1. Would you confirm whether any residue within the stretch A:262-278 is in a helix (DSSP H, G or I), within 11 Å of chain B (Cβ to nearest Cβ) and of a type in the set (Gly, Ala, Ser)?
2. On the given criteria, is A:GLY415 open to solvent by 20 Å² or more (accessible area, probe 1.4 Å) and not hydrophobic (A, V, I, L, M, F, W, C)?
3. Evaluate the following for B:LYS347: is it within 28 Å of the chain's Cα centre (by Cα), basic (Lys, Arg) and away from chain A (no Cβ under 13 Å)?
4. Can you tell me how many residues within the stretch A:397-412 are out of contact with any Asp or Glu (no Cβ under 9 Å at 6 or more places or on another chain) and surrounded by fewer than 21 Cβ atoms within 10 Å (Cβ to Cβ)?
5. Checking A:ALA58 against (1) in a loop (DSSP other than H, G, I, E, B); (2) surrounded by fewer than 17 Cβ atoms within 10 Å (Cβ to Cβ), which single condition isn't satisfied?
6. Having 3 or more residues that are of a type outside the set (Asp, Glu) and touching a residue at least 60 places away in the same chain (Cβ under 8 Å) is the bar; report the strands (runs of 3 or more DSSP E) wholly within the stretch A:97-208 that clear it.
7. Report, by residue number, each residue of the stretch B:261-285 that is within 27 Å of the chain's Cα centre (by Cα) and either open to solvent by 10 Å² or more (accessible area, probe 1.4 Å) or farther than 20 Å from B:ALA184 by Cα (or both).
8. In the stretch A:387-396, is there at least one residue being touching a residue at least 60 places away in the same chain (Cβ under 8 Å), of a type in the set (A, V, I, L, M) and either more than 18 Å from A:GLY126 (Cβ to Cβ) or exposed (fewer than 14 other Cβ atoms within 10 Å of the Cβ) (or both)?
Protein chains: 2
Amino acid sequence: MKKIFVIGAGLSSSSMLRYFLQNSEKENWLIRVCDQDGDKAAKKVSNYKNAEGFALDALDPESREEHIVWADLVVSMLPARFHIEIAKDCIKFKTNLITPSYISDEMKALHKAAEEAGIIIMNEIGVDPGLDHMSAKKVLDEIEAKGGKMHIFESFTGGLVAPESDNNPWNYKFTWNPRNVVLAGQGGAAKFIQEGKYKYIPYNKLFRRTEIIHIDDYGYFEGYANRDSLKYREIYSLDNIPTIFRGTLRRKGFSRSWDALVQIGATDDTYILEGSKDMSKRDFINSFLPYNPTDSVELKLKHYLKLDQDDPLFDKLCWLGIFEDKKYQLKADITPAKFLQMILEDKWQLEPNDKDMIVMWHKFVYKLDGKVHEINSHMIAIGEDQTYTGMSNTVGIPLAICSKLILNGSIKLKGVQLPIYPEVYGPILNELETFGIRFIEKEIANPVVYAEMT
Amino acid sequence: MKKIFVIGAGLSSSSMLRYFLQNSEKENWLIRVCDQDGDKAAKKVSNYKNAEGFALDALDPESREEHIVWADLVVSMLPARFHIEIAKDCIKFKTNLITPSYISDEMKALHKAAEEAGIIIMNEIGVDPGLDHMSAKKVLDEIEAKGGKMHIFESFTGGLVAPESDNNPWNYKFTWNPRNVVLAGQGGAAKFIQEGKYKYIPYNKLFRRTEIIHIDDYGYFEGYANRDSLKYREIYSLDNIPTIFRGTLRRKGFSRSWDALVQIGATDDTYILEGSKDMSKRDFINSFLPYNPTDSVELKLKHYLKLDQDDPLFDKLCWLGIFEDKKYQLKADITPAKFLQMILEDKWQLEPNDKDMIVMWHKFVYKLDGKVHEINSHMIAIGEDQTYTGMSNTVGIPLAICSKLILNGSIKLKGVQLPIYPEVYGPILNELETFGIRFIEKEIANPVVYAEMT
């Protein structure tokens, strides 16, 4: 029997654990699931005889050792910074490892040691990163096999709310970590390359440089640039591609409104807002506006943002309740970003029956036999409920399938890896279709041809 | 004889050294001046028998020890971060110390030890910080003595170009460290308090929230907020003042144009601009603008900044040469801020006969016997040449006078201090007038009265 040791039984593990458990007898798996909360781990596996769940402090080397020695494969769902210590143990005890997180430089440095230990350490095998690599690399490899020469690669992913639950003027709700949404795009200019020219977008312009995207049956979305698109040239073997751009999807119109909050400084997380403990939402907004003894906060904000009297952006801001005199019961002053997060959490929370939606979209433009071709590829994953969400399914199922492929010997790669090879992405993408996670590729009839390409 | 040990003979020491040397016989001073460049130190003192100049690595504790033991007063013109080690030596050897730099928390912590050693460590005794404290505290103390209650305190300082040398459309040239000018305002939101409300301005709005100031005979200036005005409430004993605001002065119109460079991201110093080594000025600007195969960089910039076709802001940008195809011979990629600095240094350098100008302006609004009063105070210091600049004079002469007052026993304060007491600022401001560094205070006839004050 093959033995799987899963570290972490939280929300993001739900869909993966379901796959493991439902396939445990058929695949002859023995499964151990640990969590800091032992009850949670035990409850998840309670109906399955091949599985046990228990409390464990996986950050303690001694506690985890026996399980890593026991297992054929470790799945680490810990926060990304903790994977590296697990990886070192896995090398020591020659146990395979899989994580959904971005590969770190420290992790990369273990490649040779992992190869010598005869194990694979698979990283970035969730949705983004993960499905983005797999679905893109599949098309890129097909284009290369035909002899096509890539000219433009664009890729966007977004965690949104499902159309049936989409009932607010922002067309947005928090379906994942709210803090990450508030801080999105901060920490440095976005970088990409377009027609051979390096392009940089500072945070204060990021949400005004969106690209509009249309997906059949789902309508319009917009994408803003991710921080670093350049590094994907190396990952995807696209070193000399003239245009590469990766971004985050929102529903059309979101970014222009969000930018209003960016412009006034409400998303800043770098300082404590003095007096914020006793501020109402209205006081909070007013703290970013010029003083005037008589003018309203509403008019000052309209003027500051140069909004027309009837700009619908303003209605969206009003809907958030930012002009209400409501105070929070705060014990201490907090940053603007944290204050804004509270305001948004009042409005953007999911209702009990709401579902999330993961949207991914790629654009490939290439030249073949003197002709320009364009392929678009997209995937929509709508959550089943608030346990088996679109996010949980698209993170967890690829991870679980990949685990199976490692355990049954289909994946023979060793060392520190990403899911960019056909032996990995091929069977995973195929099996994902049986779960309704399907990329729809279409050839665009009359692609736009840039002067540089002809 | 009293013994002075000056660490640092650079440009910023010029006016101070001149004062020390010219008064050395009359005051019975023996002066030692050290610098890493021994020739420079020797040359500065060559005509004076009471002085010697020599090479010394003042960062080396053993090298400096004998001079600190020898001296009655040490003047440290080192970069601010090095003062703390000198201060510890001065406490050990019971030698007074004076520096023009901002007091650090580490320095503050030495207060008791300095008192016990019977010495004074005087900080922030240049122009800004320095003259700002002294000239403001003089008026504030007078208002308090009359029984007035402060309502508004505003204070602005700027390092500009003298009117006779002011011959470019930006009304600005580099009269001090260019890098600090490019990075001005970065690193966190500006904070102040206005009519009892905390106010915060993010960097992307900083140069659009200016206050216009008029100074008789010198015309219009504008001020943008300094990073932290709030801490001055404590320093000036203005704990409950409803409005306190400190800022930096430029000539009117500068900030709006500067903001154009901020908005596109050209002042960012947080990342290396890939490919910048081979960029022309035009390429540099284009790297912040959307790609288009045919549109000009000029039109793209106008559109990005929403500038009218005939906006004079655009003429100022053109004058900087930002659309020129000129390349720099760079060995490596650099940050946007450093690239912009090169562009600006081509245009904003001082001509050999240009003079600088230091401008300081304060506004005091207070209530006395039920009536609102306003006093404005300003000082203009124009440089003599490019050695005895306005900056060097306003930094160095207060520092030298304060040294004299410490050595002759007029200042009896001990411990770690700022120049905020009458025994310090009184004689310094008086003597400064003999050098033409004079604050002109005027009562404003009909001050604006805020509702909250009546």
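1. yes
2. Details: open to solvent by 20 Å² or more (accessible area, probe 1.4 Å): no; not hydrophobic (A, V, I, L, M, F, W, C): yes.
Here the answer is no, as A:GLY415 does not meet what is asked.
3. Values: within 28 Å of the chain's Cα centre (by Cα): yes; basic (Lys, Arg): yes; away from chain A (no Cβ under 13 Å): yes.
It is true that B:LYS347 is within 28 Å of the chain's Cα centre (by Cα), basic (Lys, Arg) and away from chain A (no Cβ under 13 Å).
4. Residues in the stretch A:397-412 being out of contact with any Asp or Glu (no Cβ under 9 Å at 6 or more places or on another chain) and surrounded by fewer than 21 Cβ atoms within 10 Å (Cβ to Cβ): 1 in total.
5. The one condition A:ALA58 does not meet is (2).
6. On the way: elements: A:120-122, A:149-161, A:190-194, A:197-201.
By residue number, A:120-122, A:149-161.
7. Start the filter on the stretch B:261-285 by keeping residues that are within 27 Å of the chain's Cα centre (by Cα), which leaves B:261-271.
If the condition is that a residue be within 27 Å of the chain's Cα centre (by Cα) and either open to solvent by 10 Å² or more (accessible area, probe 1.4 Å) or farther than 20 Å from B:ALA184 by Cα (or both), then B:GLN263, B:ASP268, B:ASP269, B:THR270, B:TYR271 are the ones that fit.
8. We begin by selecting, within the stretch A:387-396, every residue touching a residue at least 60 places away in the same chain (Cβ under 8 Å); these are A:387-396.
Those left that are additionally of a type in the set (A, V, I, L, M): A:391, A:395.
Checking which are either more than 18 Å from A:GLY126 (Cβ to Cβ) or exposed (fewer than 14 other Cβ atoms within 10 Å of the Cβ) (or both) leaves us with none.
For the stretch A:387-396, residues touching a residue at least 60 places away in the same chain (Cβ under 8 Å), of a type in the set (A, V, I, L, M) and either more than 18 Å from A:GLY126 (Cβ to Cβ) or exposed (fewer than 14 other Cβ atoms within 10 Å of the Cβ) (or both): absent.
The values are calculated or read from the model by the stated rules, or taken from the named source; none is laboratory data. The shown structure was predicted, so the numbers you read here are calculated from the model rather than taken from an experiment. Backbone-built Cβ (ideal geometry, glycine too); neighbour counts: all protein chains shown. Surface areas here come from the heavy atoms of the whole protein model, side chains and all, with no ligands, DNA or RNA. Shrake-Rupley method; radii C 1.70, N 1.55, O 1.52, S 1.80 Å.
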